[in-house]
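What follows is a single structure, written as structure tokens, with notes after it.
The values are calculated or read from the model by the stated rules, or taken from the named source; none is laboratory data. For clarity, every value in this text was computed on a predicted model and none was experimentally measured. Note: ideal-geometry Cβ built from the backbone for every residue, glycine included; neighbour counts use all protein chains shown.
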Amino acid sequence: MADSSLNKNSTNCPSSSSTTQKDGLSCGASISPVLVVEMSQTSSADSTEFLFPPDRKKEKNTSRDISGKDLPLGTSIIERKTSQQHWGRGNVTEGKVPHIRMANGAAIKEFYTFGRTLGQGSFGMVFEAKDKETETKWAIKKVNKEKAGSSAVKLLEREVNILKSVKHEHIIHLEQIFETPKKMYLVMELCEDGELKEILDRKRHFSENETRWIIQSLASAIAYLHNKDIVHRDLKLENIMVKSSFIDANNEMNLNIKVTDFGLAVQKHGRSEAMLQATCGTPIYMAPEVINAHDYSQQCDIWSIGVIMYILLCGGPPFLANSEEKLFELIRKGELHFEDPIWDSISDSAKCVLKQLLKVDPAHRITAKELLDNQWLTPTVYEKKSPVTSKKADTNDIDTCCSSSTSSKLLPAELKGEVEKSSVTPSQGVATKSTAKSTALFRSKKKP
Ligand code: ADP
């Protein structure tokens, strides 16, 4: 199983043009004591930056910035109630992510009561925090930009820019960003039930129904991203958070999942970047075409969904070896094994979906949209037509059911895009028999 501690080591980020959105981090030098709020609109690359006018209501007749420092004459504070009308919480300004720049981060404590530590990430700590006015609980990621270093800050910029542009029920919601010259605070939707991986570790594996519901949500999130030309590139259990859960009448767990960690995500822009070439991700979840550093498209995310689904059903990854070289060999072959007795109770339809997700050739791999339409994923249709069988899977049956495969997704060679290609080094992460490391890799080299 994957070791989540190793997952904290996100490595370099390429200078890829992942988004067109305005960089929220690069303006540190020009930060003035006056609060600046930048509103990013969902589905738009634009963001509006504005200074609040000097005639804005003042608190206790003093003119102070958000950090409590006196402001030059003629400037003013942002009064919380007024600002909230602009910033919007919840549905007030739907689809907009306020990016609030200020001189000093201490003022955040005026807005939020900080609570328990939720976790330590690659860039900083994540805390639970309660909005003093609305009493809503949030997760606030606090990042020290200086300590994190420039490559980590680039990954963070990437994450922020992508999160600003998306809105989906199964993608983590970024509520607002506070930024000082040194720090960045991401106010995110709180996932009270932690990481999906932790729940899996406790349960050992999920039932077929439980897995189906998780994969439904995941497929919906990824179809949404792919439709927006965004490729996540690091889908894995550790990057799926659970906002809430309940046990139903059949004693099955229903999870409300959220896809997180967009540090390695890219947004393709037009034809020239339709294909990607950087080798990145986490070894046990990596698609063959990514390992081979061939041109690849968003289909690499589909492979990772296949690995996730396999792990959810049986508790272990589909490809395991004691060296990275051997692991990659297995991935390139893509032979799936269902010999473990745990697979006896899994339907052929589920195995068929796995085979379609883990097709070595990305051209024949099912797409996110096709996955959403899949019979196994649609319980009502599925249950009526094809009840779950408990017989041991006959590989031929599964092959037959998977043979009516998908349309070709390979793009023509002239669509080759951004120039990052790499060779894989054995030192950067291996899945072993006992511990399948899940460190995110990013290895790239400029094309000559
Ligand atoms: P990383 O940098 O390794 O991707 P993060 O900084 O995103 O990790 O998060 C660190 C830890 O904080 C996570 O492992 C998780 O346990 C917790 N965490 C992150 N985001 C949230 C959230 N929105 N709700 C609850 N817990 C969270």
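Taking the stretch 326-336 as the range and being exposed (fewer than 12 other Cβ atoms within 10 Å of the Cβ) and touching a residue at least 12 places away in the same chain (Cβ under 8 Å) as the test, only Lys333 passes. The single condition among (1) away from the ligand (no atom under 11 Å from the Cβ); (2) surrounded by 24 or more Cβ atoms within 10 Å (Cβ to Cβ) that Val187 does not meet is (1). Does the stretch 384-406 include one or more residues that are at pLDDT 95 or above, buried (at least 17 other Cβ atoms within 10 Å of the Cβ) and under 30 Å from Ala293 (Cα atoms)? Among the residues of the stretch 384-406, not one is at pLDDT 95 or above, buried (at least 17 other Cβ atoms within 10 Å of the Cβ) and under 30 Å from Ala293 (Cα atoms), which makes the answer no.
For first residues located in the stretch 104-125 and under 24 Å from Asn239 (Cβ atoms) and of a type in the set (Phe, Trp, Tyr), partners that are within 16 Å of the ligand (Cβ to nearest atom) and outside any helix (DSSP H, G or I) and lie 6+ apart or on another chain with Cβ distances below 9 Å form the pairs Phe123/Ser10; Phe123/Lys141; Phe123/Lys142; Phe123/Val143; Phe123/Asn144; Phe123/Met184; Phe123/Gly263. All conditions in (1) more than 18 Å from Val266 (Cβ to Cβ); (2) in contact with a Gly (Cβ under 8 Å, 6 or more places away or on another chain); (3) not aromatic (Phe, Trp, Tyr) hold for His173, with the sole exception of (2). Does Glu329 qualify as being at pLDDT 95 or above, acidic (Asp, Glu), out of contact with any Cys (no Cβ under 6 Å at 6 or more places or on another chain) and within 22 Å of Ile284 (Cβ to Cβ)? So Glu329 passes the test.
Scanning the stretch 229-242 for residues that are closer than 22 Å to Tyr310 by Cα and either of a type in the set (Lys, Arg) or more than 16 Å from the ligand (Cβ to nearest atom) (or both) gives Val231, Arg233, Lys236. For the residues Lys147, Lys243, Lys154, the requirement of being modelled with pLDDT under 95 and surrounded by fewer than 20 Cβ atoms within 10 Å (Cβ to Cβ) singles out Lys147. Return yes when His226 is crowded, with 20+ Cβ neighbours inside 10 Å and within 16 Å of the ligand (Cβ to nearest atom) and no when it is not. Against the criterion (crowded, with 20+ Cβ neighbours inside 10 Å and within 16 Å of the ligand (Cβ to nearest atom)), His226 does not qualify. Taken together, the residues in the stretch 305-352 that are part of a helix (DSSP H, G or I) and closer than 22 Å to His226 by Cβ amount to 10.
Scoring Ile177 on the criteria (1) closer than 29 Å to Lys154 by Cα; (2) touching a residue at least 60 places away in the same chain (Cβ under 8 Å); (3) surrounded by fewer than 23 Cβ atoms within 10 Å (Cβ to Cβ) leaves a single failure, condition (3).
Taking Thr378 as meeting all but one of (1) buried (at least 20 other Cβ atoms within 10 Å of the Cβ); (2) polar (S, T, N, Q); (3) free of Cβ contacts under 8 Å to residues at least 12 places away in the same chain, write down the number of the exception. It fails just one condition, (1). Per the conditions (1) at pLDDT below 95; (2) away from the ligand (no atom under 13 Å from the Cβ); (3) out of contact with any Leu (no Cβ under 8 Å at 6 or more places or on another chain); (4) of a type outside the set (Lys, Arg), the sole criterion not satisfied by Gly124 is (2). When Val166, Val153 are screened for being among the β-branched types (Val, Ile, Thr) and within 13 Å of the ligand (Cβ to nearest atom), only Val153 passes.
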